[in-house]
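What follows is a single structure, written as structure tokens, with notes after it.
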Amino acid sequence: MSIAQIHQSLGCATPAFNCVVERVKLIEFAQALHLRNPIYFDRAAAIERGYRDIIACPGYVNSITLGLRGAKKERFYLAGIDAIAGGMSWNYHATVCAGDELSGRCILARITEKVGKRPMEALEFETTVANQFGETVMTVTETTIVFRDR
Amino acid sequence: MTVRKDRPPLVCPVVTSVDIAWVCVATSDPNPLHLDRDFANETRGYKDVVAPGTMLIGWIGEYLGDWAGGPENVANWSIRFTSPVWPKDQITISGREINRVDLGRDTEISCEVTAAKVGGGEIVARASATLRIPFNDLISD
């Protein structure tokens, strides 16, 4: 695989992904982290606070997009490329609850040259996640640094 | 609701390999760097399994959500990991307000959050966030 192939996939997207947010997984996540706020693990407490069900903690919502790693490597020719993570940012637009059906896809949005000890480029991926109501719940921007000298 | 300029630190529980495995199960993350000490040592030279970033994201996410009066008031945030977290580490999350803008119906608060190891203070992640608090919910101190 080569940097040229990556450039050719600028603007392209992974196949769409779909998933259902399972209540038991949200509870497992909250328990593993020993979260204290009951809206993350107690349905009655979450409903009392005005939510539809247990809330997905931001860390859990973000993990949903990690399932795209394999598809990204394949679609954007990243397998075997010398690359490192360059950062992530999230914009939240709606609350995610247990039982929500999420769907989304990842686009290679930008490629910029970076200055450093080694010649490198920053690949900026944008992932948009929507719920069953058609609302965008989250957009994720992830930067991957690829080195051009290998 | 009061949104304080400097929120009290959150001392997270000591990281254990069991909790790491549990997080991996919950998030369907099979990365052996988080689960297999021998693999982590032989492939990366790590002394132990490394905690997944989702643990820090989860703790910082809860911290920001509580600060904002609910996760729905966290408009956006970003994180940069600066150092690995190992089993037996304990993390403290602390944050401070950087700027506050009155938008009429809402108040937008920019803040910085730091996650650091207890004992030594090594910073493991830095985050910046924007909290958007409905005006009627806000009583500033």
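The values are calculated or read from the model by the stated rules, or taken from the named source; none is laboratory data. Because the structure is predicted, anything quoted here is derived from the model rather than measured. With ideal geometry, Cβ positions are generated from the backbone for all residues, glycine too; neighbour counts draw on all protein chains shown. Areas reflect the complete protein model, heavy atoms only, side chains present, ligands, DNA and RNA absent. Shrake-Rupley method; radii C 1.70, N 1.55, O 1.52, S 1.80 Å.
A few comments on the model shown:
- Taking Cβ atoms as reference points and 14 Å as the exclusive limit, the residues near B:Val11 contribute a net charge of 0, counting Lys and Arg as +1 and Asp and Glu as -1.
- Nearest-10 value in Å² for the accessible area of A:His7, using the 1.4 Å probe: 80
- Electrostatic bookkeeping for A:Tyr51 treats Lys and Arg as +1 and Asp and Glu as -1; over the other residues with beta carbon under 13 Å from its beta carbon, the sum is -1.
- A:Glu124 exposes around 50 Å² of accessible area when a 1.4 Å probe is run over every protein chain in place.
- Helical mean residue ellipticity (222 nm; -39500 (n - 2.57) per DSSP H run of 4+; nearest 500) of chain A: -7000 deg cm²/dmol
- Under 18 Å from A:Lys73, Cα to Cα: aspartates and glutamates that are on another chain or at least 8 residues apart: A:Asp82, A:Glu121, A:Glu124, A:Glu126, A:Glu142, B:Asp29
- Residues losing 20 Å² or more accessible surface upon assembly, the stretch B:18-49, compared with the chain by itself, 1.4 Å: B:Asp19, B:Trp22, B:Val23, B:Val25, B:Ala26, B:Thr27, B:Asp29
- Solvent-accessible area, 1.4 Å probe, carbon plus sulfur percent, for chain A: 50
- Computed FRET value (nearest 0.05) for A:Arg23 with A:Ala94, which takes r as the C-beta separation and R₀ as 25 Å: 0.90
- Taken about its Cα centre, the protein assembly as shown carries a charge dipole of roughly 600 debye when the Cβ of each Lys and Arg holds +1 and the Cβ of each Asp and Glu holds -1.
- When each of the peptides A:64-75, A:25-36 is scored by how many other beta carbons lie within 10 Å of its residues on average, the order from highest to lowest is A:25-36, A:64-75.
- Among residues other than A:Leu10 with Cβ under 14 Å from its Cβ, the summed charge is -1 (Lys and Arg +1, Asp and Glu -1).
- Average beta carbon contacts from partner chains per residue of B:63-72, 10 Å cutoff: 4
- Probe 1.4 Å, accessible area per residue of chain A, Å²: 49
- Counts of other chain beta carbons within 10 angstrom of each beta carbon in peptide A:76-89 average 2.
- Candidates A:Pro15, A:Pro38, A:Ala79 compared by Cα position along the dipole of chain A: farthest toward the positive end lies A:Ala79, with charges placed on Cβ.
- For the stretch B:35-141, size of Cβ-based charge dipole, Lys and Arg +1, Asp and Glu -1, in debye: 320
- Against chain A, whose longest principal axis comes from its Cα atoms, helix A:23-33 is set at around 80 degrees.
- Dipole check for chain A: with +1 at the C-beta of Lys and Arg, -1 at the C-beta of Asp and Glu, and the Cα centre as origin, the magnitude is about 380 Debye.
- In this structure the stretch B:1-69 gives 45 Å² per residue of accessible area when probed at 1.4 Å with all protein chains present.
- Length gained on full extension, A:Gln31 to A:Arg69, computed as 0.36 nm times the residue gap minus the Cα-Cα distance: 11.1 nm.
- Listed residue (B:Val124, A:Val146, B:Ala26) projecting farthest to the positive dipole end of the protein assembly as shown, Cβ model: A:Val146
- Between A and B, accessible area buried - total, square angstrom, nearest 100, 1.4 angstrom probe: 2400
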